Each structure stands twice: as structure tokens, then as C-alpha cells.
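This report concerns only the one structure given below.
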Amino acid sequence: MRAAAAEILFPKEVIDRRVRELAGQISRDYEGREPLIVGILNGAFIFMADLIRALDVPCRVDFVRLASYGAGSVSSGEIRIGMDLETPIAGRDVLIVEDIVDTGLTLSRLVEILRKRQPASLRVCAFLDKRERRRVPFTADYVGFPIPDRFVVGYGLDYNEKFRFLPDVRVLGTSFEREGV
Ligand code: IMP
């Protein structure tokens with residue numbers, strides 16, 4: 001079933017408006033430059049696709065795949081690059097795009113890894129941010145929405161690889177199971 005009856009946290013229209021605002025802010029900050037936008041697979045692909053199409057500056061794109069959550073929903077804390085960038089980033093302006101910051105372990109580790117490659121600049125744009133869940137200090141440079149400690153799906157975010165396709169962000173509830181999705 002495509003549409004599941006769970007609480008909608010951010011409807012599509014609200015997401016679209018916020019993504020355009022973020023893109024405006026990023027475009028102003030990167031004026032005259034051509035950042036490399038690095039998406040973290042799989043969760044960031046929908047947000048990243050909308051974000052880059054709303055930018056007023058040219059950009060290039062590349063992706064990394066990390067091993068972190070696996071099939072569960074608890075961060076292991078051990079993060080490594082599964083699929084690396086194809087682009088050398090030394091001297092480039094790099095903007096990492098992620099679906100959500102939770103404990104902060106994933107992004108703080110990725111930033112540490114990419115910083116060693118000496119980019120000209122390195123920033124992070126996260127669609128969602130669960131600030132109260134941090135286990136390590138981490139602040140994203142751009143955040144779509146701060147959210148409370150709830151497990152959310154849709155707009156690229158998954159639960160066991162399900163629900164990424166939902167156009168809005170929903171709080172994962174028992175209704176999903178009841179519907180047998
Ligand atoms: P962190 O290392 O704990 O910050 O983990 C970030 C990753 O955890 C994200 O890229 C997501 O894959 C996953 N994650 C954390 N919270 C949620 C959620 O509410 N829904 C879906 N995925 C989540």
C-alpha cells in the first residue's frame with residue numbers, strides 16, 4: 001500500500017517551502033562558487049534532488065554510502081565509508097547533504113574523514129535534526145527542521161528500507177503495522 005495512515009509531521013507543501021528557503025540561503029553563501037554537493041546514500045537522495053534544483057548557483061554532485069545503522073534503528077557508532085566519492089575534493093567547496101542528524105556519530109565521523117582530504121571548505125546540510133539525541137557534539141550548518149525524539153519516515157527516510165517513497169514526513173506509528181505495509 002502506498003499511502004499509510006500515520007501522523008504527518010511535515011506535509012509536502014511545508015517541505016517544499018522550507019527546501020526553497022534553504023536553497024536560497026545556500027545560494028547566497030556560495031555565490032560565485034561551484035560547490036560539490038555530497039549526498040549520503042540512501043536517505044539523502046530525495047532531499048538532495050529537490051535542494052540542488054532550487055539552487056541559484058551551479059554545483060556538482062557525488063555520493064557516499066556509509067555503513068552505520070544497518071537494518072536496525074540503533075546507531076552502532078562504528079561508521080566507515082562503504083562506497084566512496086569519485087571526485088577528489090582537495091581545494092573544493094564541499095557541502096554534505098544528509099537526511100537526518102540523530103546521535104551525530106555518522107556526520108562527525110564523515111566530516112573527520114573528508115577534512116583529511118583538505119577541501120577548501122566543508123559544510124553540512126541536514127534535512128532534519130534530532131538535537132536532543134546527540135551522543136557526540138555536532139552542529140549542522142544548515143538544517144531544514146529540528147524535530148523531537150520521534151522515529152520518522154518518508155521523503156527519503158526509511159524504516160528497514162521501507163517508506164522512503166512517501167512524499168511527506170510521517171511519525172512511524174503502529175498504524176503502519178496494522179495496515180500490513
Ligand atoms: P546518527 O549517526 O545517529 O546521527 O545517525 C544518522 C542516521 O540515522 C540517519 O542517516 C538515518 O539513516 C538514521 N536515522 C536516525 N533517526 C532516524 C529516523 O527518525 N528515521 C529514519 N532514519 C533515522
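The values are calculated or read from the model by the stated rules, or taken from the named source; none is laboratory data. Here the structure is a predicted model, which is why all the values come from computation and not from measurement. Heads up, the Cβs are rebuilt from the backbone with ideal geometry, glycines too, and the neighbour counts pull from every protein chain shown. Note: accessible area is taken over every heavy atom of the protein model, side chains too, but ligands, DNA and RNA are not part of it. Shrake-Rupley method; radii C 1.70, N 1.55, O 1.52, S 1.80 Å.
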| request: Those residues that are of a type outside the set (K, R), open to solvent by 20 Å² or more (accessible area, probe 1.4 Å) and either more than 16 Å from the ligand (Cβ to nearest atom) or touching a strand residue (DSSP E or B) at 6+ places or on another chain (Cβ under 6 Å) (or both), I need them from region 32-44; list them, please. | output: G32, E34, L41
| In region 40-66, how many are assigned to a strand (DSSP E or B) and at pLDDT 95 or above? | 8
| Within region 65-81, is even one residue more than 14 Å from L128 (Cα to Cα) and away from the ligand (no atom under 16 Å from the Cβ)? | no
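Within region 137-150, take every residue that is part of a loop (DSSP other than H, G, I, E, B) and surrounded by 12 or more Cβ atoms within 10 Å (Cβ to Cβ) and give me the one that is nearest to the chain's Cα centre (by Cα).
Step one: list which residues in region 137-150 are part of a loop (DSSP other than H, G, I, E, B), which gives 137-141, 147-150.
Applying the additional criterion that residues be surrounded by 12 or more Cβ atoms within 10 Å (Cβ to Cβ) yields 138-141, 147, 150.
Working: F138: 14, T139: 13, A140: 10, D141: 12, I147: 13, R150: 16 Å.
Of everything passing the filter in region 137-150, A140 is nearest to the chain's Cα centre (by Cα).
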| task | Please indicate, with yes or no, whether at least one residue in region 71-82 is charged (D, E, K, R) and modelled with pLDDT under 95. | result | yes
| query | Given the conditions (1) at pLDDT 95 or above; (2) within 15 Å of the ligand (Cβ to nearest atom), and given that A120 satisfies all but one, which numbered condition is not satisfied? | reply | (2)
